[in-house]
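Trainee: What follows is a single structure, and I will ask about it in a moment.
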Amino acid sequence: MRNETVRTLGMAGGIILLAGIAAWMGLAHGCEQSQGSGVIAGRVTIDPQLASKVSPTDVLFVIIRRPGSAPRPLAAKRIDHPQFPAAFEITNKDMMIEGSELRGMVDVIARLDKDGAAGPAQPGDLEGRFEKNPTLPGVTDVEIVINKEH
């Protein structure tokens, strides 16, 4: 009887783990969001202490990544010559892999890039993160303050 109980508890733990992973990835039906899913929107501002480091040739990238995984973005929005506060909206059209969807837990990051080239942050680039990372698609009040210099 004890072996059956241990085996049952082990299977239940495995099912709970798989359900947690599915929810994190946005795969479970219970995580399907109604209208607004597949969209993340908000605005980016600059910390006043870094405002003097902004130049007219800078490019703003708003980047969506999977938390705790490779730094490769899931989606990105490029805004040339941004005026702050800069509004943004990222949808499934901005996904890096065509046909994929914006779902599951994500981190939202804004980078003011000095050379305008996508890729890892370089010295002089400015960056900020959404304070409520990780978040789910459907959030439309993302506020990011660029407050870090690389």
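The values are calculated or read from the model by the stated rules, or taken from the named source; none is laboratory data. In this text the structure is predicted, and so the values were computed from the model without any measurement. Glycine also receives a Cβ, built like all others from the backbone with ideal geometry; neighbour counts cover every protein chain displayed.
Trainee: Where the second residue is assigned to a helix (DSSP H, G or I) and surrounded by 15 or more Cβ atoms within 10 Å (Cβ to Cβ) and the first is not assigned by TED's automatic domain parsing to the domain that holds VAL62 and of a type in the set (A, V, I, L, M, F, W, C) and lies in segment 91-102, which pairs have Cβ atoms under 7 Å and are six or more apart or on separate chains?
Mentor: none
Trainee: Output yes when any residue across segment 123-137 is among the basic types (Lys, Arg) and in contact with a strand residue (DSSP E or B) (Cβ under 6 Å, 6 or more places away or on another chain), and no when none is.
Mentor: yes
Yes/no matrix, rows are residues, columns are (1) surrounded by 13 or more Cβ atoms within 10 Å (Cβ to Cβ); (2) at pLDDT 95 or above; (3) in contact with an Asp or Glu (Cβ under 8 Å, 6 or more places away or on another chain):
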residue: PRO73; (1), (2), (3): yes, no, no
residue: PRO85; (1), (2), (3): yes, yes, no
residue: GLU89; (1), (2), (3): yes, yes, no
residue: GLY99; (1), (2), (3): no, no, no
residue: ARG103; (1), (2), (3): yes, no, no
residue: ARG111; (1), (2), (3): yes, yes, yes
residue: ALA117; (1), (2), (3): no, no, no
residue: GLY124; (1), (2), (3): yes, no, yes
residue: VAL145; (1), (2), (3): yes, yes, yes
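Trainee: Scan segment 62-105 for residues that are assigned to a loop (DSSP other than H, G, I, E, B) and among the basic types (Lys, Arg) and jot them down. Explain how you work it out, then say what you get.
Mentor: Taking segment 62-105 and keeping what is assigned to a loop (DSSP other than H, G, I, E, B), we get 66-74, 81-85, 96-105.
Listed by number, the residues that qualify are ARG66, ARG72, ARG103.
Trainee: Can I ask one more? As an exercise: evaluate GLY42 against (1) at pLDDT 75 or above; (2) in a loop (DSSP other than H, G, I, E, B); (3) of a type outside the set (Lys, Arg) and give the number of the one condition it does not meet.
Mentor: Only one criterion is unmet by GLY42, namely (2).
Trainee: Now for a separate question. With respect to GLY26, is the statement that it is at pLDDT 60 or above and surrounded by 10 or more Cβ atoms within 10 Å (Cβ to Cβ) true?
Mentor: No; evaluated as a whole, the condition is false for this residue.
Trainee: Identify, please: which residue in segment 103-123 is touching a residue at least 60 places away in the same chain (Cβ under 8 Å) and not aliphatic (A, V, I, L, M) and is, among those, nearest to ARG66 (Cα to Cα)?
Mentor: Ranking the candidates gives GLY104 first.
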